[in-house]
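Following: one structure in structure tokens, then a few remarks.
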Amino acid sequence: MVPPPFQTLRALRTLNIAAVACAMASLTAVAFSYLMGPLGHESGPGEVVALVTGASTALLGALWAWVLRSPKTVGPRKLRWGWVLSLPLAILNEALACGLLLAYEAAYNGSQSVLDGFLTGAAVGAFMGVIVWLPALAAVLVCFGMPIAHAQRLAQKGLAGEEDGERVVGSYCAALSLAACALNLQPLSRPTPVEVVGSWFTALLAVSGVLAGGAAVVLATRRERRRRGFVAGVEAGEVPGYRVDATDEGKVLVRVTRGESYRVADFEEQVFELDEDGVAVRARVVG
């Protein structure tokens, strides 16, 4: 079994998936609430824009952040499927948001059925919404794609590199969520009740992004310190059942299980490769 400081980063990865989704959704909701407010403050699709765009972006943003973590690539190329799927997911997000906006308008005005409104909006968003989703996709790739790509390069260096990458992503998401919080603080002029709910929903997304991203940074830092302390303790002979051996390939963390009697030899198992500074590189066993 791998020692706890060397075990899976599942919690850290989950936090950053949530951080990316919340940061993207809060920024999107703020941007569209500025661009598409209800004219004259009459009830219409504009008053629910923060709710709709925030909810759809949070859902598909989480899917995008999760897909990006898959190491699967397109054929023999190094391009991951997650990057290839960025475009269709952006189109799907715009289609979903437009569909929900026109479904709301249809329900309020009664001009057509809610289903017809949704289908019409989805078609408009997917095929004519290029003026929105194309620049939005470019902004997402710059604000989120670049930090994530940098994190993926760091992860190739091993467990410690992956933690560094998660710390980068968490930091960016927390900073962008703080920006969304600041932009959302501007008071609304004669807001409708739905607009107020949308503003609070945007604030909830932004605060969640700050908390998730900040928690990822703290957790990554604590894990790294615990692991370095564990290795230092093993090298100093303070941790029973483990030792650090020098091999031709570098240092290796070895687990030693004592035999139950003098007739049974000790069992030794290499569990993790380390670099010269004792930083975790890769596991030798699964656990």
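Each reported figure results from applying straightforward, stated rules to the coordinates on display, with no laboratory input. Only a predicted model underlies this, so the values are computations on that prediction, with no experimental measurement involved. All Cβ positions, even for glycine, are placed from backbone atoms using ideal geometry, and neighbour counts span all protein chains on display.
Miscellaneous remarks
- Coarse-grained scattering of the stretch 4-231 at q = 0.11, 0.15 Å⁻¹, given as base-10 log I(q)/I(0) from a Debye sum over alpha-carbon atoms: -0.59, -0.96
- Between V74 and V142, the modelled labels are 2.3 nm apart [label points 7 Å from Cα along Cα→Cβ].
- Pairwise centroid distance, computed over Cα atoms, of the stretch 52-66 with the stretch 97-174, Å: 6
- Treating r as the C-beta distance of R228 and H150 and R0 as 25 Å, the FRET efficiency rounds to 0.65.
- Counting charges near T221 (Lys, Arg +1; Asp, Glu -1) among other residues having Cβ under 13 Å from its Cβ returns a value of +3.
- One quarter of the convex hull surface built on the alpha carbon atoms of the stretch 96-185 amounts to 8.2 nm², the projected area averaged over directions.
- Calculated FRET value between L204 and L35, using beta carbons and R₀ = 25 Å, to 0.05: 0.75
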